[in-house]
1. Filter the stretch 86-100 down to the residues that are open to solvent by less than 60 Å² (accessible area, probe 1.4 Å) and in contact with a helix residue (DSSP H, G or I) (Cβ under 7 Å, 6 or more places away or on another chain), then identify the one that is farthest from Thr148 (Cα to Cα).
2. List pairs: first in the stretch 66-83 and farther than 10 Å from Pro24 by Cα and open to solvent by 40 Å² or more (accessible area, probe 1.4 Å), second assigned to a loop (DSSP other than H, G, I, E, B) and modelled with pLDDT of 75 or more, Cβ under 7 Å, 6+ apart or cross-chain?
3. Which ranges mark the strands (runs of 3 or more DSSP E) fully within the stretch 179-238 that have 3 or more residues being hydrophobic (A, V, I, L, M, F, W, C) and at pLDDT 90 or above?
4. Scan the stretch 273-291 for residues that are in a helix (DSSP H, G or I) and either open to solvent by 10 Å² or more (accessible area, probe 1.4 Å) or touching a Phe, Trp or Tyr at 6+ places or on another chain (Cβ under 7 Å) (or both) and report the count.
5. Can you tell me which condition Ser310 does not meet? The list is (1) polar (S, T, N, Q); (2) in contact with a Lys or Arg (Cβ under 6 Å, 6 or more places away or on another chain); (3) modelled with pLDDT under 90, and all the others hold.
6. Step by step: first the residues of the stretch 163-178, then only those that are in a loop (DSSP other than H, G, I, E, B) and on the phi < 0 side of the Ramachandran plot, then the one that is surrounded by the most Cβ atoms within 10 Å (Cβ to Cβ). Which residue is that?
7. Mind checking which pairs have a first residue in the stretch 251-272 that is of a type in the set (S, T, N, Q) and a second that is open to solvent by 30 Å² or more (accessible area, probe 1.4 Å), Cβ under 6 Å, 6 or more apart or different chains?
8. Can we say Trp253 is surrounded by 14 or more Cβ atoms within 10 Å (Cβ to Cβ) and out of contact with any helix residue (DSSP H, G or I) (no Cβ under 8 Å at 6 or more places or on another chain)?
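The values are calculated or read from the model by the stated rules, or taken from the named source; none is laboratory data. Since we're looking at a predicted model, the values are computed, not measured. Backbone-built Cβ (ideal geometry, glycine too); neighbour counts: all protein chains shown. Only protein heavy atoms, including side chains, enter the accessible area calculation; ligands, DNA and RNA are left aside. Shrake-Rupley method; radii C 1.70, N 1.55, O 1.52, S 1.80 Å.
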Amino acid sequence: MSTSRLSVRLSRLLNMIPYLIANPGISAAEAAADLGVSIKQLMSDLNQLWMCGLPGYGPGDLIDLSFSEESIEVTFSAGIDRPLRLTSTEATALLVALRSIVEMPGMVDPTAAHAAIAKIESAIADGATDSEGAQPASFAPAEAPAVTSVRSALADGHALRLVYYSASRDEVSERVVDPIRILLVDDNSYLQAWCREAEAVRLFRFDRMEAATELDERAEPPRDVSTEAALDLFQDDPAVPLARLLIRPDYGWVLDQYPMHRVATRPDGSMEATMRFATLDWMARLLLGFGAGVRALGPVELVAAVRERSEAALSAYRDAGLDEVGAL
């Protein structure tokens with residue numbers, strides 16, 4: 001076993017006794033879920049603890065436990081009655097992580113997260129990270145109603161009615177979905193759900209939900225559906241049109257910001273790439289936003305749409321008396 005794994009296990013063992021004292025009679029399944037380990041690992045840890053204790057290591061010095069998969073009781077703690085204290089470095093890292101995750105809609109209950117942040121900050125200020133009674137931070141922002149509805153529906157096992165903006169189609173639609181889980185993908189939080197309209201698993205970005213209503217009916221996503229394939233946000237669906245693009249060398253950043261696939265690099269450093277798109281109007285507007293940095297090579301209808309919009313924009317500038325307009 002590596003040193004890092006031993007260190008993690010030691011920290012878990014030292015904190016298990018206070019946890020079990022605070023939860024007398026807890027089942028192995030509940031304890032394992034709370035501690036983030038399997039039941040097998042939990043039982044192994046309990047057997048290890050049974051042989052630990054104070055120097056002397058006689059029967060009266062060792063930690064004493066009564067445990068089975070149905071119930072766990074600590075009958076003698078050998079003085080390990082309080083959780084380990086965090087170091088200042090550990091506390092700071094925990095604060096940074098909490099603040100980061102609380103900014104992701106739907107990932108955690110913001111009230112609970114800000115309460116934890118307040119307690120850790122109070123403990124650091126007091127010189128001890130196990131302070132009791134700290135008040136939740138007063139600056140905790142209110143959670144968006146749609147996010148609250150999604151988390152509630154997941155907890156209750158209910159279906160949801162979403163009013164959702166699809167960026168790829170540039171349209172708002174209403175649909176009923178069966179929630180599966182909340183995910184963090186590429187720094188954005190998503191609801192993964194079975195879409196009854198599409199009859200497939202879909203990802204719904206929280207910041208694009210205009211409304212979410214929890215329904216009384218049960219959520220029943222198909223049991224045999226794969227949820228892993230849907231994690232690829234931009235699957236290469238041949239049914240969706242494919243744009244061929246030429247990207248200027250100084251616009252290479254768009255490859256990281258949009259679901260594009262590089263095909264080739266030309267001698268001058270410019271890059272050929274492809275990108276799936278749902279509607280011609282949306283793709284034409286996107287390319288116009290890049291100016292001369294990204295040019296459409298195909299399909300023909302996309303090239304024509306971009307040219308028509310460019311000419312219309314130039315004509316509007318000329319009609320307004322603005323003569324110094326760069327070519328698009």
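1. Ala91
2. Glu69/Ser27; Glu70/Ser27; Phe76/Ile63
3. Working: elements: 188-195, 200-205, 209-218.
Ranges flagged: 188-195, 209-218.
4. Keep residues of the stretch 273-291 that are in a helix (DSSP H, G or I), which gives 280-289, 291.
Those left that are additionally either open to solvent by 10 Å² or more (accessible area, probe 1.4 Å) or touching a Phe, Trp or Tyr at 6+ places or on another chain (Cβ under 7 Å) (or both): 280-283, 285-286, 288-289, 291.
Of the residues in that region, 9 qualify.
5. (2)
6. Here is the first cut: in the stretch 163-178, the ones in a loop (DSSP other than H, G, I, E, B) are 167-170.
Filter again for on the phi < 0 side of the Ramachandran plot, leaving 167-169.
Details: Ala167: 11, Ser168: 16, Arg169: 13.
So the residue we want is Ser168.
7. Every condition considered, the pairs that remain are Ser270/Arg248; Ser270/Pro249.
8. Numbers: surrounded by 14 or more Cβ atoms within 10 Å (Cβ to Cβ): no; out of contact with any helix residue (DSSP H, G or I) (no Cβ under 8 Å at 6 or more places or on another chain): yes.
When the stated conditions are applied, Trp253 does not pass them.
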